[in-house]
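The next block holds one structure in the form of structure tokens; read it before the comments.
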Amino acid sequence: MIKKIFVLIFLSLFSFSSNGFAEKQNDKNSSELTVEADDSIEWFEKEKYYVAKGNVILKKDGFTLNANFVQAYYEIKDGENVLNKILAKDNVTLTKEKTKATGQLMTYNLNNKIAILSGPFQTLTSQSGYVESNEIIKFNDLKNKAEAEGKVKVILSNKTVIRADKINADLNQKDKSIEYAIARGNVFIENKIKGNKSKANLGIYNSSDEIIKLSGNVTLTNMDSTISGSKGETNLKTGISTIISDPNNKQRVKGVFSPRKKSKNGGKTE
């Protein structure tokens, strides 16, 4: 049988005060740290960190971390050991309420509540949608911000897909939904339900009006028709996309509208 180790506030490993890695029990904001591991938990006293291996489950401050390898660093404050940074590797999953992040490598700073996931593939899921990247995703729980770089893909709650080289987002404090986002580089927006596609160098999304403002080599496609210009916008509520003239740019708005082909039975092809 696989050996399972369960540690509650690490009292069984450390001869610290009764508080261990947690804050004082009479503190209303205190939270216990619990860890489970299938293989082992090692304590490196001189270096001030511990290592847990094998199907590790760590819980603290309302979040749950799962990984096959976890290295946690601590510092001594007022004679107590306080956890301040976590490094997790291999099948990492971090959850808090209805927000979930996954990846192969993650660092989490407990002081500023910043989680960084990096590697070939990582995701962030909240009530408002889904984010994935092949390079890095950064989530700031205190400032309610998220950013992603690489081949970034975002799926909003209305099924709109946004792709870009980099996306920065401001999140709602209550449910972590996306309130405002900026997409930069090779921006591609698609709503398969509406049948619309948009391309641009820059896209700015605002949840208050559900409009994405586009700029830089904008191309809007609806079925077989396309219009292009330097500025545009896509209304996610109505599905209507518009090219807007830019007085500072001499580029003219251009449209190509192709009739839909009829099928052999007399209907129209998609």
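The values are calculated or read from the model by the stated rules, or taken from the named source; none is laboratory data. Note that this is a predicted model, so its numbers are computed, not measured. Reconstructed Cβ throughout: ideal geometry from the backbone, glycine too, with neighbour counts over all protein chains shown.
Looking at 61, 78, which one is in the same structural domain as residue 42 (by TED's automatic domain parsing) and within 27 Å of residue 172 (Cα to Cα)?
Unique residue meeting the criteria: 61.
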Quickly run through segment 196-212 and pick out the residues that are outside any strand (DSSP E or B) and among the hydroxyl-bearing types (Ser, Thr, Tyr). 207, 208
Are there any pairs with C-beta distances below 6 angstrom linking a residue in segment 52-73 that is closer than 12 Å to residue 86 by Cα to a residue that is outside any strand (DSSP E or B), with the two at least 6 apart or on different chains, and if so which? 60/31; 60/33
Find the residue count for segment 93-120, including only residues that are surrounded by 15 or more Cβ atoms within 10 Å (Cβ to Cβ), on the phi < 0 side of the Ramachandran plot and either touching a helix residue (DSSP H, G or I) at 6+ places or on another chain (Cβ under 6 Å) or part of a loop (DSSP other than H, G, I, E, B) (or both). 1
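Matching residues to (1) crowded, with 18+ Cβ neighbours inside 10 Å; (2) within 30 Å of residue 65 (Cβ to Cβ):
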residue: 123; (1), (2): no, yes
residue: 136; (1), (2): yes, yes
residue: 166; (1), (2): yes, yes
residue: 171; (1), (2): yes, yes
residue: 194; (1), (2): yes, no
So which of 167, 193, 162 ends up being among the β-branched types (Val, Ile, Thr), outside any strand (DSSP E or B) and within 20 Å of residue 212 (Cα to Cα)? 193
Taking segment 120-145 as the region of interest, how many residues are modelled with pLDDT of 90 or more and under 10 Å from the mean Cα position of the chain (by Cα)? 10
Evaluate the following for residue 177: is it modelled with pLDDT under 95, closer than 20 Å to residue 239 by Cα and not aliphatic (A, V, I, L, M)? no
Give segment 213-236 a look and list any residue that's assigned to a strand (DSSP E or B) and touching a residue at least 40 places away in the same chain (Cβ under 8 Å), or say none. 234
Identify the residue in segment 146-162 that is more than 17 Å from residue 100 (Cα to Cα) and surrounded by fewer than 18 Cβ atoms within 10 Å (Cβ to Cβ) and, among all such residues, is modelled with the highest pLDDT. 151
Specify the residue that is farthest from residue 124 (Cα to Cα); the eligible residues are those in segment 68-103 that are β-branched (Val, Ile, Thr) and within 24 Å of the chain's Cα centre (by Cα). 70
Tell me whether segment 46-63 contains one or more residues that are more than 29 Å from residue 119 (Cα to Cα) and at pLDDT 90 or above. yes
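Given segment 37-90, what strands (runs of 3 or more DSSP E) lie entirely inside it while holding 3 or more residues that are among the basic types (Lys, Arg)?
49-60
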Spot the failing condition for residue 78; the list is (1) crowded, with 17+ Cβ neighbours inside 10 Å; (2) out of contact with any strand residue (DSSP E or B) (no Cβ under 8 Å at 6 or more places or on another chain), and only one is missed. (1)
Flag if residue 51 is buried (at least 16 other Cβ atoms within 10 Å of the Cβ), more than 12 Å from residue 33 (Cβ to Cβ) and in contact with a Phe, Trp or Tyr (Cβ under 8 Å, 6 or more places away or on another chain): yes
